[in-house]
1. Pick out the one residue from B:Val50, B:Val102, B:Val46 that is within 14 Å of another protein chain (Cβ to nearest Cβ), assigned to a helix (DSSP H, G or I) and not basic (Lys, Arg).
2. Take the residues of region A:71-102 that are modelled with pLDDT of 85 or more and in contact with a helix residue (DSSP H, G or I) (Cβ under 7 Å, 6 or more places away or on another chain): which is surrounded by the fewest Cβ atoms within 10 Å (Cβ to Cβ)?
3. Take residues that are closer than 20 Å to B:Arg20 by Cβ and more than 9 Å from chain B (Cβ to nearest Cβ) and tell me which of the helices (runs of 4 or more DSSP H) falling wholly in region A:61-160 contain 3 or more.
4. What pairs can you find where one residue is in region B:256-270 and assigned to a helix (DSSP H, G or I), the other is hydroxyl-bearing (Ser, Thr, Tyr), and their Cβ atoms are less than 9 Å apart, with a gap of 6+ or different chains?
5. For region A:187-229, which positions are loosely packed, with under 13 Cβ neighbours inside 10 Å and part of a helix (DSSP H, G or I)?
6. What number of residues within region A:104-122 are in contact (Cβ under 8 Å) with a residue 24 or more places away in the chain and crowded, with 18+ Cβ neighbours inside 10 Å?
7. Of the residues B:Ala247, B:Ala233, which single one is under 22 Å from B:Gly62 (Cα atoms), without any contact (Cβ under 8 Å) to a residue 60 or more places away in the chain and in a helix (DSSP H, G or I)?
Amino acid sequence: MSNAIEVRDVGKMFRLYHERNQSLKSAMMRRRVSVHEDFWALRNVTFDVPAGSTFGLIGSNGSGKSTLLKCLAKILTPNEGEIRHFGKIAALLEVGSGFHPELSGRENIFLNGAILGMSRKEIQQKFDEIVDFSGVEQFIDQPVKNYSSGMYVRLGFSVAINVDPDILVVDEVLAVGDAEFQLKCQRKFQDFRTAGKTVVLVSHSLGTVQSMCDHVAWINKGHLEQAGPAAEVIAAYSKSFAPEV
Amino acid sequence: MTYIRELLGARELLSNLVMRDVRGQYKRTIFGRLWALVNPLVAMLVYTFVFSFVFRIQPAPGNPSGLNAFPLWLLCGLLPWTFFSAAVNSGLGSILANYGLVTKVYFPRLVLPLSAVLTRGYNWAWEMLVLAVALIAFGSFLWPWIPVALALMVLLMLFVVGVSLALCIANVHFRDTQYLISVVMQIWLYLTPVVYPLSLVKDQSDRVGGLFGTNITVLDMYSVNPMMHFIEAFRAVLYDNRFPNSADITACLIWTIAALGVGFWIFRASEKGLAEAL
């Protein structure tokens with residue numbers, strides 16, 4: 001099976017600043033920009049995401065999952081190693097990025113779609129589908145600042161889910177909207193999978209991961225603990241923090 | 001190069017961001033876009049009162065246009081200047097202003113300063129259009145010079161893009177940049193022949209002669225300023241209706257290329273670390 005993403009020896013370092021001189025005055029007075037120590041949020045992470053799979057990233061808080069996800073989404077650049085993508089990638093780390101509160105839902109769909117990498121034509125084609133999915137037809141010409149927070153997120157999510165990439169990277173944004181909307185999302189991901197697309201998602205809910213993913217990688221303190229078929233890795237992960245159960 | 005291809009792919013994003021700012025700008029105001037014209041108009045009235053009525057600055061009549069009106073003469077330099085200063089300001093803040101986007105979505109970051117400058121450019125184009133109508137109404141034969149004026153406008157925008165690219169990166173690392181630049185802009189305005197004609201500087205420079213026993217005159221130092229050349233070129237085309245001095249054109253071109261080169265280089269070098277640096 002071919003791979004959608006290949007992660008090789010990836011390391012991401014952050015600087016922990018004990019003193020950071022972000023103004024010119026302090027930088028000059030102290031004769032240095034900062035005092036810091038290096039912290040590796042990720043080190044030596046290597047795994048493959050098979051094409052057409054739904055791939056889950058699990059691990060405890062602060063283990064480096066989100067950093068890894070941001071590296072996959074090209075928002076952060078790894079200090080070491082490389083990540084190779086095969087196909088168009090779209091990241092859903094936040095819904096409604098770049099929404100302008102004073103503009104209408106319609107205008108924001110075009111804006112948000114463009115930010116996520118869709119062309120005007122694509123958006124026009126999918127416009128009805130997006131509006132339909134979000135369930136805000138009635139208010140589509142109202143400024144989004146008048147939307148309820150649920151409507152806002154649903155609209156953002158509907159745009160993002162319709163980007164139609166080969167690889168979709170998702171960060172715990174599944175938990176938006178009411179139960180009905182969540183069900184719709186689940187179905188959309190299902191369609192996605194049947195269409196042979198790859199999904200990478202981070203979630204704290206093992207239930208979600210178990211039901212959706214076929215492959216899982218477990219990240220612990222910046223290192224890859226285990227990667228492989230979902231059931232095995234989830235079992236090992238559950239065991240690690242609840243050995244007696 | 002893949003980077004160029006990526007930038008071309010972001011054309012629609014760029015136009016969307018510009019439209020977002022243009023549309024959002026005067027939402028919920030009664031006068032809407034008219035506000036964009038209020039600023040230059042008020043500046044024109046105040047500067048005309050101070051510099052023409054009180055200080056009695058008399059720029060030479062337009063040659064060969066024959067125009068002789070201080071407000072028009074002033075606007076021919078003031079509009080490019082206010083665009084420059086406003087666009088540099090919003091360009092340098094563009095990365096910080098779009099914090100939410102930079103940390104959450106991947107796209108070529110270059111579109112942010114670019115869209116900030118273009119948004120200002122859009123407003124400026126309207127101001128220039130009104131000025132052009134006024135110039136023609138007052139007897140300037142502007143028609144054949146419109147393409148030259150447009151070319152100059154594009155050149156100034158490119159220059160601003162270059163400056164903004166470098167400054168927006170500086171501003172991410174040192175937030176002082178924005179405050180420093182607003183001070184610099186105040187000084188810069190008076191070091192540029194916007195509210196007074198260049199001829200006054202020439203006269204003084206000739207009187208003083210070489211500085212500190214060298215051949216360097218005040219005018220030579222004064223001419224280092226790229227904006228001086230831009231303003232002179234704009235005045236030549238709009239007010240005088242003649243082709244700008246070749247020296248001014250050359251200086252504008254060199255400064256634009258240099259600014260774009262340096263700005264692009266700095267931007268490329270820091271672009272990848274932006275999401276963390278914020």
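1. Numbers: B:Val50 fails: within 14 Å of another protein chain (Cβ to nearest Cβ); B:Val46 fails: within 14 Å of another protein chain (Cβ to nearest Cβ).
B:Val102 is the lone residue from the list that is within 14 Å of another protein chain (Cβ to nearest Cβ), assigned to a helix (DSSP H, G or I) and not basic (Lys, Arg).
2. A:Ile83
3. Qualifying helices (runs of 4 or more DSSP H): A:105-115, A:120-134.
4. Sorted first by the residue in region B:256-270, then by its partner, the pairs are B:Gly263/B:Ser164; B:Arg268/B:Tyr3.
5. A:Arg187, A:Gln190, A:Asp191, A:Thr194, A:Gly207, A:Ser211 - these are the residues of region A:187-229 that are loosely packed, with under 13 Cβ neighbours inside 10 Å and part of a helix (DSSP H, G or I).
6. Final tally of qualifying residues: 8.
7. On the way: B:Ala233 fails: without any contact (Cβ under 8 Å) to a residue 60 or more places away in the chain.
Result of the check over B:Ala247, B:Ala233: B:Ala247.
The values are calculated or read from the model by the stated rules, or taken from the named source; none is laboratory data. If you're wondering where the values come from, they're calculated on a predicted model, not measured in any experiment. Quick reminder, even Gly has a Cβ in these numbers, built from the backbone with ideal geometry, and neighbours come from all protein chains shown.
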